[in-house]
Ligand code: PAF
């Protein structure tokens, strides 16, 4: 596996792949890779002649400096995992390589069509501007045939699908299902920050989400929404930031469960965890 640090080397490598007529898969990540990432990457390796994985903790999508500072980083461990999966190219730039000082300090403007007005967008102002900024840059640099994103960050996936349409990117966006521990806990790089006790507490998030599938059979959307919030908040050590049941495409509130998804954000101690479930 070749490790690429600069945009110039990345572009040369992409040009060589294109010249040889190779299909390109891109998996953007922020590192601290786990089995959830591995599932996207295996899919890309399987679907494409070459796979590029980016590992870049993108400063412009963090609206909380402490969260950025504490985000887990271990490039050598990530590189080993990627090379074992059969990845061809790892792109791991510095923030200074990725952005000009101006780009770093101005908000990237994008028309989200309302997709950013709810849930994560409401709680983390500017977050999706940063995500679109970095992912659009990666799409321009790598020109992939396919881009792979996890369904755990469901709103992000919806926004990237919109970005593809609005910015006329010619690629396929592949959404991949959430990977869970045996306990049900959705895999996340942030889980690394949980103690063993907090991990056991956090399992209740997915337990309640799955139980809500049954509860929803005899209750309305708003009753189910409130029930999930109450059940999770009843667990010592968990605090719900929001639970919204929305349309899977528009992310707007729904009146019934057809084509609905429930998206939750919960604080487990200081760690902010997200999860979702389709009804
Ligand atoms: O989901 C992530 O890890 C990040 O938001 C992404 C897509 C790599 C952009 O920085």
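What the table below lists for this structure:
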{"item": "Cβ-Cβ under 8 Å pairs, at least 6 apart or on other chains, the range 21-48 side at positive phi, far side near the ligand (Cβ under 10 Å from one of its atoms) and part of a strand (DSSP E or B)", "result": "31/55"}
{"item": "Selection from the range 109-132 of residues that are within 16 Å of the ligand (Cβ to nearest atom) and either farther than 20 Å from residue 251 by Cβ or out of contact with any helix residue (DSSP H, G or I) (no Cβ under 7 Å at 6 or more places or on another chain) (or both)", "result": "123, 124, 125, 126, 129"}
{"item": "Per-region count, the range 22-51, residues in contact with a strand residue (DSSP E or B) (Cβ under 8 Å, 6 or more places away or on another chain), under 15 Å from residue 86 (Cα atoms) and either modelled with pLDDT under 95 or within 14 Å of the ligand (Cβ to nearest atom) (or both)", "result": "8"}
{"item": "Helices (runs of 4 or more DSSP H) contained entirely in the range 88-131, each with at least 2 residues that are crowded, with 20+ Cβ neighbours inside 10 Å", "result": "119-123"}
{"item": "From the options 141, 157, residue that is surrounded by fewer than 18 Cβ atoms within 10 Å (Cβ to Cβ) and part of a helix (DSSP H, G or I)", "result": "157"}
{"item": "Residues within the range 160-171 that are over 18 Å from residue 247 (Cβ atoms) and not in a loop (DSSP other than H, G, I, E, B), tallied", "result": "3"}
{"item": "Unmet criterion (only one of (1) exposed (fewer than 14 other Cβ atoms within 10 Å of the Cβ); (2) at pLDDT below 95) for residue 223", "result": "(2)"}
{"item": "Selection count, the range 191-214, where residues are surrounded by fewer than 18 Cβ atoms within 10 Å (Cβ to Cβ) and within 16 Å of the ligand (Cβ to nearest atom)", "result": "1"}
{"item": "Output for the range 42-87, where each listed residue is within 18 Å of residue 98 (Cβ to Cβ) and in a strand (DSSP E or B)", "result": "52, 53, 54, 55"}
{"item": "Neighbours by Cβ (under 7 Å, 6+ apart or cross-chain): first from the range 184-211, free of Cβ contacts under 8 Å to residues at least 24 places away in the same chain; second assigned to a loop (DSSP other than H, G, I, E, B) and surrounded by fewer than 18 Cβ atoms within 10 Å (Cβ to Cβ)", "result": "203/183; 203/184; 207/184"}
{"item": "Options 178, 174: the member that is away from the ligand (no atom under 12 Å from the Cβ), under 25 Å from residue 115 (Cβ atoms), touching a strand residue (DSSP E or B) at 6+ places or on another chain (Cβ under 8 Å) and part of a loop (DSSP other than H, G, I, E, B)", "result": "178"}
{"item": "Test: residue in the range 1-17 that is within 16 Å of the ligand (Cβ to nearest atom) and part of a loop (DSSP other than H, G, I, E, B)", "result": "no"}
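The values are calculated or read from the model by the stated rules, or taken from the named source; none is laboratory data. What you are looking at is a predicted structure, and each value in this text was computed from that prediction instead of being measured. As a convention, Cβ positions derive from the backbone with ideal geometry for all residues, glycine included, and neighbour counts pool all protein chains shown.
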